[in-house]
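Engineer: Okay, handing you the structure first.
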Amino acid sequence: MPFKGDDISLKLGSPYYVSKMAGEAYCNFYNAYYGLPISIVRLFNSYGPGEVPGQYRNVIPNFIYWAMKKQALPLTGNKNIARDFVYVDEIVKGLLSAGFFKEAIGVPINIATGKAISIYELAELINSRTNNPAGINVIKQRKWDSREIIVGNNDRCKELLRFTPTSQIEIGIKKNIEWFENNWDVIQKSAEFLPGINPALDV
């Protein structure tokens, strides 16, 4: 089931989730107590040019980085793990819209495509686009990867923000790889990985 705007759970699997919930709680408080016109947007897996790879970065820049270095892409868990990926242009449009439309004030809104792509398919796509022959290496699932599929319901985005984030992962990956190719020297200097340790694939 896609996560809706009203979905909430106190069974949180990481400090990251806890901090996100705390942030929403503070927003709701300041909106209710002080009348601040605060919009709450829930960004699903955002990606795009500008994000360099690193130990605690997202899966896409890390995969592209490894693939361009002709290294096997590590897949944690199994081939069924899937996420809802949103290109950076759609994220920016959602944020601007949430700050413009009054209907968005005080309402949690998912910036999501409503579709999920498996991390395995993502790895295959990136390997194909970078001509990486090293393939995919399935490794042990991480303790906090308790949800196999995470996808967002974007009904409120359509209704309140007047737009529907598109799921064009092939086009987004192509643009992301082009950015890596055009900025490869800077990216290699900026990448932050602990020696001998695979970086966390944050999905």
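The values are calculated or read from the model by the stated rules, or taken from the named source; none is laboratory data. Computed from a prediction, not measured in an experiment: that's the story for all the values here. Glycine also receives a Cβ, built like all others from the backbone with ideal geometry; neighbour counts cover every protein chain displayed. Just the protein is used for accessible areas: all its heavy atoms, side chains included, with ligands, DNA and RNA removed. Shrake-Rupley method; radii C 1.70, N 1.55, O 1.52, S 1.80 Å.
Engineer: Determine whether region 88-104 contains at least one residue that is β-branched (Val, Ile, Thr) and open to solvent by 20 Å² or more (accessible area, probe 1.4 Å).
Structural biologist: Among the residues of region 88-104, at least one is β-branched (Val, Ile, Thr) and open to solvent by 20 Å² or more (accessible area, probe 1.4 Å), which makes the answer yes.
Engineer: Six or more apart or on different chains, Cβ atoms under 8 Å: show the pairs whose first residue is in region 96-123 and farther than 13 Å from Asn45 by Cα and touching a residue at least 12 places away in the same chain (Cβ under 8 Å) and whose second is of a type in the set (Gly, Ala, Ser) and open to solvent by 20 Å² or more (accessible area, probe 1.4 Å).
Structural biologist: Ala98/Ser39; Gly99/Ser39; Ala104/Ser39; Ile105/Ser39; Gly106/Ala32; Gly106/Ser39; Val107/Ser39; Ile109/Ser39
Engineer: Taking the stated definitions as given, is Asp89 closer than 21 Å to Trp179 by Cβ and among the acidic types (Asp, Glu)?
Structural biologist: yes
Engineer: Within region 42-56, identify whether any single residue is open to solvent by 70 Å² or more (accessible area, probe 1.4 Å), over 22 Å from Glu170 (Cβ atoms) and among the hydroxyl-bearing types (Ser, Thr, Tyr), and answer yes or no.
Structural biologist: Yes; the residues of region 42-56 include at least one that is open to solvent by 70 Å² or more (accessible area, probe 1.4 Å), over 22 Å from Glu170 (Cβ atoms) and among the hydroxyl-bearing types (Ser, Thr, Tyr).
Engineer: Can you tell me which residue is least open to solvent (accessible area, probe 1.4 Å) among those in region 154-173 that are of a type in the set (Lys, Arg) and in a helix (DSSP H, G or I)?
Structural biologist: Going through the qualifying residues, I end up with Arg156.
Engineer: Restricting to region 56-93, count the residues that are in contact with a strand residue (DSSP E or B) (Cβ under 6 Å, 6 or more places away or on another chain) and assigned to a loop (DSSP other than H, G, I, E, B).
Structural biologist: 2
Engineer: Show the residue pairs that are 6+ apart or on different chains and have beta-carbon atoms under 6 Å apart, the first residue being within region 17-31 and within 23 Å of Asn45 (Cβ to Cβ) and part of a helix (DSSP H, G or I), the second being among the hydrophobic types (A, V, I, L, M, F, W, C) and open to solvent by less than 80 Å² (accessible area, probe 1.4 Å).
Structural biologist: Qualifying pairs under 6 Å: Val18/Leu12; Glu24/Ile40; Cys27/Ile38; Cys27/Ile40.
Engineer: If you don't mind, there's one more thing I want to ask. Based on what the data block shows, is Gln71 surrounded by fewer than 18 Cβ atoms within 10 Å (Cβ to Cβ) and in contact with a Pro (Cβ under 6 Å, 6 or more places away or on another chain)?
Structural biologist: no
Engineer: Consider Ile109 against the criteria (1) open to solvent by 30 Å² or more (accessible area, probe 1.4 Å); (2) over 22 Å from Pro49 (Cα atoms): it satisfies all of them except one. Which criterion is unmet?
Structural biologist: The one condition Ile109 does not meet is (1).
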